[in-house]
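Undergrad: If you scroll down you'll find the structure; I have some questions about it.
The values are calculated or read from the model by the stated rules, or taken from the named source; none is laboratory data. Keep in mind it's a predicted model, so treat the numbers as computed, not measured. Heads up, the Cβs are rebuilt from the backbone with ideal geometry, glycines too, and the neighbour counts pull from every protein chain shown.
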């Protein structure tokens, strides 16, 4: 239930002034050998000992404030780690969705939550052809309903089987540092086949039969979680007619009520990451509003952070009661 917003880029509020470098030149004039002063003489050392001045009036410059510009302005080793609201989602994070969201419920709870987290918003790619040029603009991609054809009253589907060129484009994007998460559960066989095409390069797949059904008319709480960043402070998240997650990587969550069913697996692929979740109800209003015992918000905060490349857009997640 992600919403579509234009991803126009971060409005960072003007240009960045550089206060001076470690070798001694100020920002106002040319530097001579050994570090020119602010007047910009070409031959001679700086009148300031131990580094350049931050401006023409003197004084030592401190760390620059971090903004969404692809630069580690504050020098802490992390690029674009901006979270003005301290809500646990990097304001600079560029998120896209592939496929279509489910149509049960109004969609307002989850959509409004995600909309309010990242200042970049979310771009709905829906059924666009996957190319390196299309994908390179994003940090995290969530794949939803990608059935090959529409099913009446349940969604649109992407209208095709993914071609090898599209599979390769996604694989290259992940290898370069992208993070992709897949959801499933719309009850169409072509959905399983199509998303498994995208997952094949990582040795992961969904099973063919729906499992993880509701219990007593409510979603099934998943209560078995590994010690993993994706599971931090998560003890219960619901599923309803999802699919088993097969393959390698790290087992993150599982259910034991009707035999052992692996619900979530995660894997690192070169510089990127892949997270496979065996259901789609975590995007629906009922999981946010009707189940206060579920840690759905924390689940998504963990997911977005883990999927984001190391060294970029990493912010602290606050404690959530």
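Undergrad: Could you look through the stretch 214-229, keep only residues that are touching a residue at least 24 places away in the same chain (Cβ under 8 Å) and farther than 19 Å from residue 293 by Cβ, and pick out the one that is surrounded by the most Cβ atoms within 10 Å (Cβ to Cβ)?
TA: Step by step, filter the stretch 214-229, then rank; the result is 228.
Undergrad: Here is a further query. Report, by residue number, each residue of the stretch 295-320 that is more than 18 Å from residue 179 (Cα to Cα) and buried (at least 22 other Cβ atoms within 10 Å of the Cβ).
TA: 296
Undergrad: Check 162, 206 and return the single one that is modelled with pLDDT of 95 or more, under 14 Å from residue 245 (Cα atoms) and in contact with a helix residue (DSSP H, G or I) (Cβ under 9 Å, 6 or more places away or on another chain).
TA: Matching residue, one of 162, 206: 206.
Undergrad: Moving on. Looking at the stretch 230-283, which of the residues that are out of contact with any strand residue (DSSP E or B) (no Cβ under 9 Å at 6 or more places or on another chain) and farther than 20 Å from residue 317 by Cα is surrounded by the fewest Cβ atoms within 10 Å (Cβ to Cβ)?
TA: Among them, the one singled out is 270.
Undergrad: I'd like to know if the stretch 170-186 contains one or more residues that are assigned to a loop (DSSP other than H, G, I, E, B) and modelled with pLDDT under 90.
TA: The answer is yes, given that some residue of the stretch 170-186 is assigned to a loop (DSSP other than H, G, I, E, B) and modelled with pLDDT under 90.
Undergrad: So which strands (runs of 3 or more DSSP E) stay within the stretch 209-321 end to end and still have 3 or more residues that are within 23 Å of the chain's Cα centre (by Cα)?
TA: Those strands (runs of 3 or more DSSP E) span 237-239, 242-247, 250-255, 261-269, 272-277.
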